[in-house]
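Below you'll find the structure, written out as structure tokens, and then a few comments.
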Amino acid sequence: MKCPFCTAPDTKVTDSRASTNGDVIRRRRECEVCVRRFTTYERVEEVLPLVVKKDGRREVFDRQKVLGGLRRACDKRAVPLARLEETVDTLERELIDIGDKEISSKRLGELVMARLRAIDPVAYVRFASVYRQFRDIDELRTEIDRLAELAEQTDQTSGSSTRLARSVPVERRHGS
Ligand SMILES: [Zn+2]
């Protein structure tokens, strides 16, 4: 590595040590020409994509933010937190596998929604209403009808009760 003081091309490493959690390596270096010392830090390049927001700003993928959105959508729903954490784990692995350097916040929202729909239809509609911003009430109604149909099909095949139809009025009574 080039010396930052005299720009000599060779510097020698006098000491290397990893940070406590091992993701950063600190190296003490000494210039062989001017003998001045400096420190460099080496860290593993982030493998998760940057999230590109609607206004074009980039931000690092924030696991807590995704989990927070899921938790809000699942408020008062019978969904264990561990299930949501697993969902974010799977999502992270998938993003790493895809290997893109960037992902739009819209696409990220869709990936989260697809998973939430399989977990809890009511939470899905809540999440979707925030992230997709249904253009109008008809679009929202169409989505709810589609989910109700899906629930009915599940009833016919498995004989279970219609979760969606029953839980929506309960939500309203609580008024939250
Ligand atoms: Zn130097």
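The values are calculated or read from the model by the stated rules, or taken from the named source; none is laboratory data. These numbers were taken from a predicted model, which means no experiment stands behind them. So basically every Cβ, Gly included, is an ideal-geometry build from the backbone, and we count neighbours across all protein chains shown.
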Seminar exercise, completed: residue 92 vs (1) acidic (Asp, Glu); (2) modelled with pLDDT of 70 or more; (3) over 27 Å from residue 65 (Cα atoms): all pass except (3)
For this session: Being in a helix (DSSP H, G or I) and within 17 Å of residue 65 (Cβ to Cβ) is the filter here, so list the residues in region 95-117 that pass it.
Result: 95, 105, 106, 107, 108, 109, 110, 111, 112, 113, 115, 116
Problem set entry | residue 106 vs. criteria farther than 25 Å from residue 120 by Cα, in the same structural domain as residue 124 (by TED's automatic domain parsing), surrounded by 11 or more Cβ atoms within 10 Å (Cβ to Cβ) and away from the ligand (no atom under 16 Å from the Cβ) | no
Seminar exercise, completed: If we keep only residues of region 29-63 that are within 16 Å of the ligand (Cβ to nearest atom) and assigned to a loop (DSSP other than H, G, I, E, B), then the residue nearest to residue 10 (Cα to Cα) is 32
Problem set entry | Inter-residue pairs, beta-carbon under 7 Å, first closer than 10 Å to residue 115 by Cβ and in region 62-88, second assigned to a loop (DSSP other than H, G, I, E, B), 6+ apart | 84/74
For this session: Give region 24-71 a look and list any residue that's modelled with pLDDT under 90, loosely packed, with under 13 Cβ neighbours inside 10 Å and farther than 30 Å from residue 110 by Cβ, or say none.
Result: 41, 42, 43
